Amino acid sequence: MISSLQNQTRDADATARAIDAHLFKMLQDVACELGRPVDFPTSFNTALRLRQALEDPDLPTVRIAAVVGLEPLIATRVMNLAKSVIYGTCGTPVRDLHTAIDRLGVEVVRTAALGIAMSQLVHAREMASFSDIAQVVWNHSVRSAAAARILARTQTRINPDEALLAGLVHDLGAFYMLFRAVHYPELRSRPDAVKSIILQLHESIGVTLLKALGMSDEVVDATIDHDQIRPGPIAVRTLADIVYYSNFIAGSQGEWFSGDVDPNNGEPGVVRRHFKDLLAGVEADTGEMLAVFA
């Protein structure tokens, strides 16, 4: 019996060391890749190129429509977003891409392209090993984006569309680490080990990634330490405040480990009770956005 337990312990230790070695190799590769153009799946790179093509805020609508129209999936989703209850309350029917872009504005179109790419990444075949956690992180990101937009609109004078973008990408580091992990067969069968390292490092890797992708300093800075508890009274003044509170309105990182985590416990619960009047609107907008980006 003792000999058997000793053998099991040695086997467990050897397995743990092997997993640690693979995780370390993955992190080494991540560090190297973030020092050069980032490699994402084709659909994601397409969206990034579209964002870059629309960098000029003075680009005429006809030109924006021409660029977006080259990507049928994105063009369709942009049309749907313009018709949704989130943006479709202006009264003017949306019958073409030009009208949709006029309603949304170039920043929302750029954000929509990124959101669509993130959704495609979640459902990519190569992500199948981590599909459950990828879906949870995606749902959390969209809910955070919806909450950020509403917080900005109701609590501050910060541009709600910039807040939506910051909320959407605040956990992009987690997506990227999942995408990298699928390239290691030894890690695909150890999702809990991957979750653990993502929880530890997704914030810092996300900041580096967002800088590499050319996000604005305001958005990048707003995502720093967004999971770290900030003691003191609840006050929404900055974009960083919006990301912090929207992250907790959307739940908590604990839900990555277990789907039955109660979002009304702990700090998330304090925040959710403080903003309870906004929760119904957040859930409604989340549903709309998930339908548009799917």
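Before moving on, here are some points about what is shown:
- Selection status of ALA145, of a type in the set (A, V, I, L, M) and under 29 Å from ARG237 (Cα atoms): yes
- For the stretch 180-209, a residue qualifies if it is within 25 Å of VAL243 (Cβ to Cβ), among the aliphatic types (A, V, I, L, M) and either touching a Ser or Thr at 6+ places or on another chain (Cβ under 7 Å) or crowded, with 18+ Cβ neighbours inside 10 Å (or both), and the qualifying residues are ALA181, VAL194, ILE197, ILE198, ILE205, VAL207, LEU209.
- The requirement of being farther than 30 Å from THR76 by Cβ and assigned to a helix (DSSP H, G or I) is fulfilled somewhere in the stretch 155-172, by at least one residue.
- Scanning the stretch 80-115 for residues that are farther than 13 Å from MET289 by Cβ, surrounded by fewer than 18 Cβ atoms within 10 Å (Cβ to Cβ) and either aliphatic (A, V, I, L, M) or touching a Gly at 6+ places or on another chain (Cβ under 6 Å) (or both) yields no hits at all.
- Hits in the stretch 70-79 - residues which are more than 14 Å from THR111 (Cα to Cα) and either crowded, with 17+ Cβ neighbours inside 10 Å or at pLDDT 90 or above (or both): GLU71, THR76
- Filtered by the rule that a residue be closer than 19 Å to GLY167 by Cβ and either of a type outside the set (Val, Ile, Thr) or over 15 Å from the mean Cα position of the chain (by Cα) (or both), the stretch 121-138 gives LEU121, ALA134, GLN135, TRP138.
- Taking every residue in the stretch 102-123 that is touching a residue at least 60 places away in the same chain (Cβ under 8 Å) and closer than 14 Å to THR76 by Cα and pairing it with any residue that is of a type in the set (Gly, Ala, Ser) and not in a helix (DSSP H, G or I), at least 6 positions away or on another chain, yields no pair with a Cβ-Cβ distance below 6 Å.
- Those residues of the stretch 51-102 which are within 19 Å of LEU164 (Cβ to Cβ) and of a type in the set (D, E, K, R), in sequence order: ARG51, GLU55, ARG77, LYS83, ASP102
- Looking across the stretch 264-294 at every residue that is farther than 24 Å from ALA82 by Cα and buried (at least 19 other Cβ atoms within 10 Å of the Cβ), the one that is modelled with the highest pLDDT is identified as PHE275.
- Evaluated against (1) in contact (Cβ under 8 Å) with a residue 60 or more places away in the chain; (2) aromatic (Phe, Trp, Tyr); (3) over 20 Å from GLN135 (Cα atoms), TYR244 falls short on exactly one condition, (1).
- Annotation: GLU162 fulfils all but one of (1) surrounded by fewer than 19 Cβ atoms within 10 Å (Cβ to Cβ); (2) closer than 23 Å to LEU114 by Cα; (3) among the acidic types (Asp, Glu); the unmet one is (1).
- Index of the failed condition, MET79 passing every other in (1) in a helix (DSSP H, G or I); (2) within 21 Å of the chain's Cα centre (by Cα): (2)
- Selected residue (only one of LEU199, LEU209 is in contact (Cβ under 8 Å) with a residue 60 or more places away in the chain, touching a Phe, Trp or Tyr at 6+ places or on another chain (Cβ under 8 Å) and either farther than 14 Å from MET26 by Cβ or among the acidic types (Asp, Glu) (or both)): LEU209
- The residues of the stretch 122-134 that are part of a helix (DSSP H, G or I), more than 18 Å from GLY206 (Cα to Cα) and not aromatic (Phe, Trp, Tyr), listed by number, are ARG125, GLU126, MET127, ALA128, SER129, SER131, ASP132.
- Matching residues in the stretch 181-193 - criterion: being closer than 16 Å to SER131 by Cβ and part of a helix (DSSP H, G or I): ALA181, LEU187, ARG188, PRO191, ASP192
The values are calculated or read from the model by the stated rules, or taken from the named source; none is laboratory data. In this text the structure is predicted, and so the values were computed from the model without any measurement. A quick note on method: Cβ atoms are made from the backbone with ideal geometry, for glycine too, and the neighbour counts reach across all protein chains shown.
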